[in-house]
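Below: one structure, written as structure tokens.
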Amino acid sequence: MDAPLSKSPLAVTSADRLRRPLRDLRISVTDRCNFRCIYCMPKEVFGPGYPFMRRAELLSFEEIHRLAAILAGQGVRKIRLTGGEPLLRERVELLVEQLAMLDGIDLTLTTNGSLLAKKAQALHAAGLKRLTVSLDAIDDATFRAMNAVDFFVKDVLNGIEAASHAGFGPIKINMVVKRGMNDHAILPMARHFRGSGHVLRFIEYMDVGASNGWRMDEVVPASEIIAMINEEFALEPIAENYAGEVAKRWRYQDGSGEIGVIASVTQAFCAECSRLRLSTDGKLFTCLFATQGHDLRQLLRDGASDDVIATRIAGIWQAREDRYSEIRTAATPSAPGSKKIEMSYIGG
Ligand code: SAM
Ligand code: SF4
Ligand code: SF4
């Protein structure tokens with residue numbers, strides 16, 4: 001007798017209410033971080049008494065792996081490990097090893113680079129092939145003001161170097177631009193990474209969470225960033241690597257590499273958003289700006305079967321109609337008391 005067809009509900013219907021397929025999964029493996037970036041975990045809010053999660057609340061590696069495998073069966077093709085700072089999660093390379101073995105999954109990880117010099121080799125050996133490192137300036141004074149814990153640029157650069165030696169490449173370098181804080185670092189960053197083989201990507205400052213006090217006038221539009229760089233180094237646009245890629249790609253006309261801009265505020269890309277986020281404690285969020293997650297940890301710990309979990313996920317995805325960035329206005333509230341989830345918890 002033939003094997004039964006897949007029972008995964010998303011194998012039958014995989015689009016949400018706005019006809020977007022499920023393709024990407026971001027997994028936050030810890031809500032903790034050793035940085036206090038002003039736009040993400042401002043230290044006035046994430047101070048010494050901040051109630052981070054207890055160990056028992058975190059999904060175990062086995063639980064994460066099980067959910068990832070179920071989601072892979074439902075259309076997910078790309079998994080990004082994030083946080084908080086993912087390299088702070090004890091023995092995260094063991095999780096990488098498990099996820100790297102999932103069929104047809106492109107696995108990647110975003111890090112602040114602080115522990116990369118120590119961990120790059122083990123991560124690569126565990127099967128991680130792609131890496132994104134966040135870096136908001138190439139001069140120490142600005143970088144230290146952005147990370148707010150006096151972390152030195154050279155230690156992140158050493159991490160990037162170690163990652164290159166370990167076999168990662170091209171590495172993506174993410175720079176969040178906040179007007180008045182690090183916009184003067186745009187050109188020095190472009191000059192530094194031009195010709196390095198790494199891909200520098202500029203990210204518009206977003207109103208995630210409820211603690212960064214976001215204001216629209218602090219966003220430097222991607223078009224302004226491109227115009228600024230283009231004045232010094234001629235640029236030309238290039239095609240996206242795949243449908244729905246969030247970064248718009250540009251290359252230096254002299255052949256010295258490419259850059260990207262992620263214009264989440266000024267050129268929203270909700271219409272193609274295929275991302276689902278799994279928080280550190282096992283809640284699924286259908287949008288970075290969601291106010292509520294869907295608890296899968298309880299299902300897992302109550303002994304639910306894969307089919308039951310898959311059905312629950314299918315229902316969540318099929319009901320999805322988020323498009324926050326398309327309907328955001330300059331007056332979008334970001335004040336303390338608003339209920340948006342912090343990025344460090346939901347995973348950037
Ligand atoms: N700690 C890791 C890191 O910084 O790379 C991973 C988690 S972090 C939340 C993921 C990404 O989100 C980083 O590149 C960070 O710069 C970006 N990010 C955080 N807050 C942001 C904001 N308000 N606007 C735009 N990007 C932000
Ligand atoms: Fe930490 Fe990353 Fe947020 Fe910075 S952006 S505070 S490094 S989680
Ligand atoms: Fe996707 Fe929500 Fe961001 Fe729009 S606002 S791109 S739906 S995560």
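Read the figures in this text as sums done on the coordinates, not as results from a lab. Quick caveat: nothing in here was measured; it's all calculated off a predicted structure. All Cβ positions, glycine included, derive from the backbone under ideal geometry; neighbour counts span all protein chains shown.
A few notes on this one:
- The calculated FRET efficiency for the pair Ala234 and Ala268, based on their C-beta separation and a Förster distance of 30 Å, comes to about 0.60.
- CD proxy at 222 nm, helix term only [per DSSP H run n ≥ 4: -39500 (n - 2.57); per residue of the chain; nearest 500]: -8000 deg cm²/dmol
- Phi-based couplings in Hz for region 312-324 (Karplus 6.51, -1.76, 1.60; Gly and Pro marked x): 5, 5, 4, x, 5, 5, 5, 8, 5, 9, 5, 7, 3
- Sorting 193-205, 45-57 by their mean Cβ neighbour count within 10 Å, with the most densely packed peptide first, gives 193-205, 45-57.
- Cysteines without a disulfide-compatible neighbour (Cβ-Cβ under 4.7 Å), the chain: Cys33, Cys270, Cys273, Cys287
- Candidates Asp254, Asp295, Asp24: whichever shows maximal mean-square fluctuation once the chain is modelled as a Gaussian network with Cα springs under 10 Å: Asp254
- Cβ-derived FRET efficiency at R0 25 Å, Ser196 paired with Asn34, nearest 0.05: 0.50
- Under 5 Å, built H, 5+ apart or other chain: amide partners of Ile203: Met175, Val176, Val177, Ile262
- Most mobile of Leu128, Leu299, Leu284 in a GNM of the chain (Cα contacts under 10 Å): Leu299
- Backbone geometry of region 70-81 corresponds, through the Karplus equation with coefficients 6.51, -1.76 and 1.60 at θ = phi - 60°, to 3J(HN,Hα) couplings of 5, 5, 4, x, 10, x, 5, 10, 9, 10, 10, 8 Hz, x marking Gly and Pro.
- Highest-fluctuation residue, Leu18, Leu288, Leu123 considered, GNM on the chain with Cα pairs under 10 Å: Leu18
- Debye log10 I(q)/I(0) at q = 0.07, 0.11 Å⁻¹ for the chain, Cα point scatterers: -0.28, -0.73
- Only beta bridges with both residues in region 24-346 are counted; by DSSP, about 30 percent of them are antiparallel.
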